[in-house]
Amino acid sequence: MSGAVLLAVPLAPLLLAVFIGLRPGRARLNRLVPWAALPGLALAVLAPPGLEATFSGLLMGTHLAVDPTGRAFLGLTAGLWLAAGLFALSDRRDDPRRHRFYVFWLLALAGNLGLILAQDAIAFYLFFSLMSLSAYGLVIHSGKPEAWRAGRVYLILAVLGEVLLFAGLVLAVHAAGQSSLAAVAAARPEGWALVLLVLGLGIKAGMLPLHFWLPLAHPAAPVPASAVLSGAMIKAGLLGWMRLLPIDAAGHAVLGEALVLLGLAAAFLGVLVGVLQVRPKTLLAYSSISQMGLMTTGIGLALLLPEARGWLLAAVTLYAVHHGLAKGALFLTAGMQRQWPVTRPARTAFALFTLLPALALAGLPFTSGALAKNALKEPLAVGALSGWLAHTEWLLTLAAAGTTVLLLRFLWRWRADLETAADGLDRPRWWAWGGLSLMALLLPLATLLAGPTALPLSVHDLYGSSLLWPVMLGLGLALLAWRGVRDRETPRVPEGDLAVLAEAAWDGARRTRRRLALPGPWPPRIPARMRALRLGARRRLEAAERMLTRWETIGLLFSAAMLGLYLTLLAG
């Protein structure tokens, strides 16, 4: 029975994707899209401790389970996909290509839920790949040149990440002698296996210097897709680190220090580049880079302070849930610009739903951000770090000031395009958006009432001067810088930063190659018969490529592949 319950979580969206792909004109099927995440949310809330199942006939022995860390990530992921799905039903209502959007949406959802439950390397990798590659269809959905460019960069990095992750898992599993994720971590991956795992998962987690797909993909993707990309899917890399890195009693000082350095660099670089942007969703993308940097720092600290690893991993999990819900709400806020209400009570609610997630990310007292930031800094108060690492607590606090500046910049740019709702309020959007925004207040309450956990927090962790002064400092810095950036319509740093440099370097290399080409006709003359054969082969390949890149083909191939894996269970 437990096996059927666990399988139903990724299987429900997979089956619905197949039905929508085969019957794209059925509006009733579209209305089921948000609820495909409901089994995952129910499992996160109701699953008994230690729920697990092993399917010996599926692949090489698939192991699914709900552990404490997985329960938190499953609740975040399913809840965010459910809220964003309700928003998407309204947002995509008049989109002629909404069926294609829903197919890729459901495939990415199945992969996202499945990788959280997976406890063996093969299942984790397959679900991770399904999520990553399906998200490409969400990024390019609009079909605009901007979307194709963002999709190209995203796909290059996604495929690179899959290759690195696969190679790292192969080396780590070979060294461990087992495919269980727990066994791989217990065997302490070293050398190339460790490097490949960190980089492969780091691409998805937005780790420097592999972060530049985020500020390109988010402005191009539809609003609900951006919400789940930043709130849920980006956390897959973080969860992979928590499952696979050698976070044990021995620790790993070299990797820990490197992750702390890269995390703090991302925390501040995301703010410095982000405040120079103009589009609201780009600002939120750089905010995600900054916030993921803080979580990367937490993983590094767990490697450096093995005696506090239990607390730090629980703190990173809490921070991930807080950030996922708040950032998802802010991305939905970006899609509420044409929903400015007419009545005063509705405008009050609108302002509350807008400000709550922003204040939570800044760490204002009595919000989820206050609890998460205090939990992350708690082990550092005892002075266990030395050298430059001794300043980590102060730097984490200072990063909150930068977050405040960045979010004030977002709100300033976002309010410029506010429009009154001409056709009345869109209730599904309001329910989804408002529910996520209120989690900034409900999450700390639920955490404190949850009973004994790895984080023995109290109500005192919700307030304090160490939380208030960074917000006030950020407000002061924003007022000082306001005159210089308030009216700019073009970013001082191009969106994608390093991606722009890479594209410029590639174009420069191509021009240099042409200038250095040998004299004479280039390319060399080819006989007419050879040209005809080459042209015919090229046309056949282009026709095959057009067929394979159709959304129906891609979606059905993904669904058929995953369903085939499940059906091998019955054959076994």
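The values are calculated or read from the model by the stated rules, or taken from the named source; none is laboratory data. Quick caveat: nothing in here was measured; it's all calculated off a predicted structure. Glycine also receives a Cβ, built like all others from the backbone with ideal geometry; neighbour counts cover every protein chain displayed. What goes into the accessible areas is simple: the full protein's heavy atoms, side chains included, and nothing from ligands, DNA or RNA. Shrake-Rupley method; radii C 1.70, N 1.55, O 1.52, S 1.80 Å.
Give the residues of the stretch 283-308 that are within 14 Å of residue 260 (Cα to Cα), assigned to a helix (DSSP H, G or I) and more than 15 Å from the chain's Cα centre (by Cα), sorted by residue number.
Listed by number, the residues that qualify are 297, 298, 299, 300, 301, 302, 303, 304.
Name every residue in the stretch 302-312 that is surrounded by fewer than 21 Cβ atoms within 10 Å (Cβ to Cβ) and either aliphatic (A, V, I, L, M) or in contact with a strand residue (DSSP E or B) (Cβ under 9 Å, 6 or more places away or on another chain) (or both), in order of residue number.
Residues satisfying the conditions are 305, 308.
Please work out if residue 359 is farther than 17 Å from residue 232 by Cα, surrounded by fewer than 24 Cβ atoms within 10 Å (Cβ to Cβ), under 26 Å from the mean Cα position of the chain (by Cα) and of a type in the set (A, V, I, L, M).
On the way: farther than 17 Å from residue 232 by Cα: yes; surrounded by fewer than 24 Cβ atoms within 10 Å (Cβ to Cβ): yes; under 26 Å from the mean Cα position of the chain (by Cα): yes; of a type in the set (A, V, I, L, M): yes.
Yes.
Is the stretch 280-301 home to any residue that is open to solvent by less than 10 Å² (accessible area, probe 1.4 Å) and modelled with pLDDT under 90?
no
State which residue pairs qualify: first residue exposed (fewer than 15 other Cβ atoms within 10 Å of the Cβ) and inside the stretch 440-457, second residue modelled with pLDDT under 85 in any location, beta carbons under 9 Å apart, and separation of 6 or more residues or different chains.
Once the first residue is exposed (fewer than 15 other Cβ atoms within 10 Å of the Cβ) and sits in the stretch 440-457, its partners that are modelled with pLDDT under 85 give 453/447.
Go through (1) part of a helix (DSSP H, G or I); (2) open to solvent by 10 Å² or more (accessible area, probe 1.4 Å) and name the single condition residue 365 misses.
Residue 365 satisfies every listed condition except (1).
Would you mind telling me which numbered condition in (1) under 23 Å from residue 110 (Cα atoms); (2) over 13 Å from the mean Cα position of the chain (by Cα) residue 183 fails?
(1)
So residue 385 clears everything in (1) touching a Phe, Trp or Tyr at 6+ places or on another chain (Cβ under 8 Å); (2) surrounded by fewer than 22 Cβ atoms within 10 Å (Cβ to Cβ); (3) closer than 18 Å to residue 293 by Cβ except one condition, right? Which one?
Condition not satisfied by residue 385: (1).
Residues in the stretch 327-343 that are of a type outside the set (Ser, Thr, Tyr), open to solvent by 20 Å² or more (accessible area, probe 1.4 Å) and out of contact with any Asp or Glu (no Cβ under 8 Å at 6 or more places or on another chain): how many?
Looking only at that region, the number is 1.
State whether one or more residues within the stretch 410-417 are assigned to a helix (DSSP H, G or I), free of Cβ contacts under 8 Å to residues at least 24 places away in the same chain, among the aromatic types (Phe, Trp, Tyr) and surrounded by fewer than 22 Cβ atoms within 10 Å (Cβ to Cβ).
no
Does the stretch 96-125 hold any residues that are open to solvent by 20 Å² or more (accessible area, probe 1.4 Å) and either farther than 18 Å from residue 13 by Cβ or in contact with a Lys or Arg (Cβ under 6 Å, 6 or more places away or on another chain) (or both), and which are they? Break it down stepwise before answering.
Filtering the stretch 96-125 down to residues open to solvent by 20 Å² or more (accessible area, probe 1.4 Å) leaves 96-100, 119, 122, 125.
Within the stretch 96-125, 96, 97, 98, 119, 122, 125 qualify.
Identify all residues within the stretch 134-164 that are among the hydroxyl-bearing types (Ser, Thr, Tyr) and closer than 16 Å to residue 215 by Cα; write none if there are none.
Passing the criteria: 136, 154.
Right, residue 324: open to solvent by 10 Å² or more (accessible area, probe 1.4 Å), in contact (Cβ under 8 Å) with a residue 12 or more places away in the chain and not acidic (Asp, Glu) or not?
It is false that residue 324 is open to solvent by 10 Å² or more (accessible area, probe 1.4 Å), in contact (Cβ under 8 Å) with a residue 12 or more places away in the chain and not acidic (Asp, Glu).
Any idea which residue in the stretch 207-249 is most open to solvent (accessible area, probe 1.4 Å), counting only those that are assigned to a loop (DSSP other than H, G, I, E, B) and over 28 Å from residue 176 (Cβ atoms)?
The qualifying residue most open to solvent (accessible area, probe 1.4 Å) is 209.
With the requirement that a residue be crowded, with 17+ Cβ neighbours inside 10 Å and closer than 18 Å to residue 84 by Cα, what does the stretch 30-43 give you?
30, 32, 33, 34, 36, 37, 38, 39, 40, 41
Of all residues being within 18 Å of residue 392 (Cβ to Cβ) and among the β-branched types (Val, Ile, Thr) in the stretch 210-269, which is nearest to the chain's Cα centre (by Cα)? Just the residue, please.
Top of the filtered list is 260.
Can we say residue 54 is of a type in the set (Ser, Thr, Tyr) and open to solvent by less than 10 Å² (accessible area, probe 1.4 Å)?
On the way: of a type in the set (Ser, Thr, Tyr): yes; open to solvent by less than 10 Å² (accessible area, probe 1.4 Å): no.
Here the answer is no, as residue 54 does not meet what is asked.
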